[in-house]
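What follows is a short report on a single structure.
Taken together, the values in this text are just the output of simple stated rules run on the coordinates, not laboratory data. Here the structure is a predicted model, which means the values were calculated and not measured. When we count neighbours, we look across all protein chains shown, and the Cβ atoms used for this are built from the backbone with ideal geometry, even at glycine.
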């Protein structure tokens, strides 16, 4: 009886991990496609932060809650932009630091990908991971616009590929 009790959670855990990896791969693919397209984001609407600090595309079905927060109307996605101190390290070192910090913070953490990409503001370091058993995917991008460094966090609930594409388009649209 004990062996069966132990085997069942392992199978469920294995399925959850497999689903997390699939969801993360979908988000990573969506981010990659949006960041490499070089075209205009999904929707023509945009949001400009106070003082013209930066501008973001606002896809249909999303709204700006404040200068630095966009949310999908259905609650499946959230994008937060925050100013940070400039990041002065290599991509490899940043990947290692983020992986260690996020693995300690989020249960069920699975790194999906890290790379440099071009967004409207210029070059950005983009790191995508799945952060919990519910397959929540998150992408963190670090970039600079107008001489100021920013971190862009996009969080998408699992099973939301359209929301993931929208979030990726928002990141890709970040600029001045």
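Modelled spin-label separation between residue 66 and residue 105, with each label point placed 7 Å from Cα along the Cα-to-Cβ direction: 1.7 nm. Can you tell me the FRET efficiency between residue 89 and residue 134 if r is taken as the Cβ-Cβ distance and R0 is 35 Å, rounded to the nearest 0.05? It comes out at approximately 0.65. In this simple spin-label approximation, residue 153 and residue 52 carry label points 7 Å from Cα along the Cα→Cβ vector, and these lie 3.0 nm apart. Each principal axis of segment 55-112 carries a Cα extent, and these read 36, 29, 16 Å when sorted largest first.
Measuring nothing but how far apart in sequence close Cα pairs (under 8 Å, 6+ apart) lie, relative to its length, segment 31-176 scores a relative contact order of 29 percent.
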